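Structure first, commentary second.
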Amino acid sequence: MTKLKIFIIISVISMSLLNLAFGQTMNREQLQDFVEQFLENNIPLPTQGKMTVSVSSIDPRIIIKPCLSSLVANIPQNHNGRNVNVKIICNDPAPWYLFIPARIQMVVPVVVAKSIISKGSRVDESNVIIEYRDTRRIRGETLDDTRIIIGTRAKRKLSVGTILTKRNICFVCKGSHITIIAKSDSFMIKTAGIALKDGGIGEQIRVRNESSGRTVTGRVSAINKVVINL
């Protein structure tokens, strides 16, 4: 083999190794993008929710070494859901790892008061709106559809931006005139009644039959409707 051929072979091998090393080297911005994509692909979203990931800048004093193997990332099991240290691992013969902090924000759609809703006032299209809110700032069982609460009433004064929940609105309000539906598999009877307690969808409340004066217990099925299953 001539010296020229040997030189060409060595040059090709050297260039291949250089390209391989270069191809597996990631700069700071690429590592941050890698962490962001990893979190977006591995953190489950709540129903209809959205996620925002903010990855911290990597300390400029840290030297990022090349990695010939594929980078691996994992999340500590005890992270608090908002702040997480993602561990980046290179499993080369001379392995290395790096922790990169990130902040996660989850938001979900909720119904909020668009304007002040006075106690006892009716909820309608003019005073509610859908907004996305941080899940960590939400308390109670929220609602994500304005259509199902149109006609409910506020149990207390709701200021602008207040999230509507089953605790601050009533589908059936104490003292309201309601429809009592008594039904079985073979028949159904409707009669007028008066609610003796506030109630939300699915809750059992006591009501009084206006015709007979009897007090019975039924389950709230819709706005101003209570069902008694016989």
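Brief remarks on what is shown
- Residue count for the stretch 74-90, restricted to those that are at pLDDT 90 or above and under 22 Å from Lys50 (Cβ atoms): 2.
Residues checked against (1) over 26 Å from the mean Cα position of the chain (by Cα); (2) part of a strand (DSSP E or B); (3) at positive phi:
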{"site": "Lys87", "(1), (2), (3)": "no, yes, no"}
{"site": "Ala94", "(1), (2), (3)": "yes, no, no"}
{"site": "Tyr97", "(1), (2), (3)": "yes, yes, no"}
{"site": "Ile104", "(1), (2), (3)": "no, yes, no"}
{"site": "Val107", "(1), (2), (3)": "no, yes, no"}
{"site": "Lys119", "(1), (2), (3)": "yes, no, no"}
{"site": "Asp124", "(1), (2), (3)": "no, no, no"}
{"site": "Asp144", "(1), (2), (3)": "no, no, no"}
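- Residues that are more than 16 Å from Gln105 (Cβ to Cβ), modelled with pLDDT under 90 and either outside any helix (DSSP H, G or I) or touching a Cys at 6+ places or on another chain (Cβ under 6 Å) (or both), drawn from the stretch 14-57: Gln24, Thr25, Met26, Asn27, Thr47
- For first residues located in the stretch 63-78 and in the same structural domain as Pro44 (by TED's automatic domain parsing), partners that are surrounded by 12 or more Cβ atoms within 10 Å (Cβ to Cβ) and acidic (Asp, Glu) and lie 6+ apart or on another chain with Cβ distances below 9 Å form the pairs Lys65/Asp92; Pro66/Asp92; Cys67/Asp92; Leu68/Asp92; Ser69/Asp92.
- Of all the residues in the stretch 126-142, those that are acidic (Asp, Glu) and either buried (at least 17 other Cβ atoms within 10 Å of the Cβ) or part of a strand (DSSP E or B) (or both) number 2.
- Checking each residue in the stretch 179-216 for being within 18 Å of Arg153 (Cβ to Cβ) and either under 35 Å from the mean Cα position of the chain (by Cα) or assigned to a loop (DSSP other than H, G, I, E, B) (or both) picks out Ala195, Leu196, Lys197, Asp198, Gly199, Gly200, Ile201, Gly202, Glu203, Ile205.
- Every residue from the stretch 217-228 that is of a type in the set (A, V, I, L, M) and assigned to a strand (DSSP E or B): Val220, Ala222, Val226, Val227, Ile228
The values are calculated or read from the model by the stated rules, or taken from the named source; none is laboratory data. If you're wondering where the values come from, they're calculated on a predicted model, not measured in any experiment. Backbone-built Cβ (ideal geometry, glycine too); neighbour counts: all protein chains shown.
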